[in-house]
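The values are calculated or read from the model by the stated rules, or taken from the named source; none is laboratory data. Here the structure is a predicted model, which is why all the values come from computation and not from measurement. Cβ: placed from backbone, ideal geometry, glycine included. Neighbour counts: every protein chain shown. We work out accessible area using only protein heavy atoms, side chains counted, and drop any ligands, DNA or RNA first. Shrake-Rupley method; radii C 1.70, N 1.55, O 1.52, S 1.80 Å.
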Amino acid sequence: MDLEKATSMVLDIWRSFRMLPVWVQVWVAFILVPVNLLPLAFLDQPQGYLIALLAVSGMALNVPIMVAARGMSGAMALPHILCWVPLVIIVTLLLFSEDPLSPAFAGFLRVLLIVDITSLVFDFRDAARWLNSRKAT
């Protein structure tokens with residue numbers, strides 16, 4: 001892919017992102033992405049590598065979808081569901097285990113849990129809409 005085509009694709013993705021409602025842009029840019037990158041700071045904690053892998057993968061797997069769609073797509077909910085449902089289960093089990101967690105890690109896990117459960121509520125709806133739209137075509 002030449003530079004002009006790559007630049008055009010990135011601009012298409014950016015324009016698509018900017019067409020989302022402002023609250024969604026704020027949610028994604030300032031809450032969802034940063035919170036799901038933060039597990040990289042806790043790799044030395046219990047299940048730290050697995051939590052980081054699942055959190056980051058839920059976002060990274062959206063890159064090929066954005067490239068293929070040249071923008072935002074309801075299909076982007078699918079990697080979130082694939083990665084973040086197991087993540088939510090692992091985090092919940094960790095928080096309720098009898099093994100002590102550092103206060104910083106436990107606090108972060110609570111935030112991660114709230115953010116990803118909130119995202120998953122929208123993701124299940126978006127995935128259902130996207131799948132239904134695929135059946136109609």
Between a first residue in the range 69-87 that is free of Cβ contacts under 8 Å to residues at least 60 places away in the same chain and a second residue that is surrounded by fewer than 18 Cβ atoms within 10 Å (Cβ to Cβ) and part of a loop (DSSP other than H, G, I, E, B), which pairs have beta carbons less than 6 Å apart while being 6 or more apart in sequence or on different chains? Pro79/Leu61
Provide a single number: the residues in the range 1-59 that are more than 23 Å from Ser73 (Cα to Cα), open to solvent by 30 Å² or more (accessible area, probe 1.4 Å) and modelled with pLDDT of 95 or more. 11
Please indicate, with yes or no, whether at least one residue in the range 121-137 is assigned to a loop (DSSP other than H, G, I, E, B), exposed (fewer than 15 other Cβ atoms within 10 Å of the Cβ) and more than 19 Å from the chain's Cα centre (by Cα). yes
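Working only within the range 98-116, note down all residues that are of a type in the set (Phe, Trp, Tyr) and farther than 12 Å from Val35 by Cβ.
We begin by selecting, within the range 98-116, every residue of a type in the set (Phe, Trp, Tyr); these are 105, 108.
Answer for the range 98-116, where residues must be of a type in the set (Phe, Trp, Tyr) and farther than 12 Å from Val35 by Cβ: just Phe105.
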Just checking: which of the helices (runs of 4 or more DSSP H) contained wholly in the range 1-120 hold 3 or more residues that are not aliphatic (A, V, I, L, M)? 3-18, 48-60, 77-96
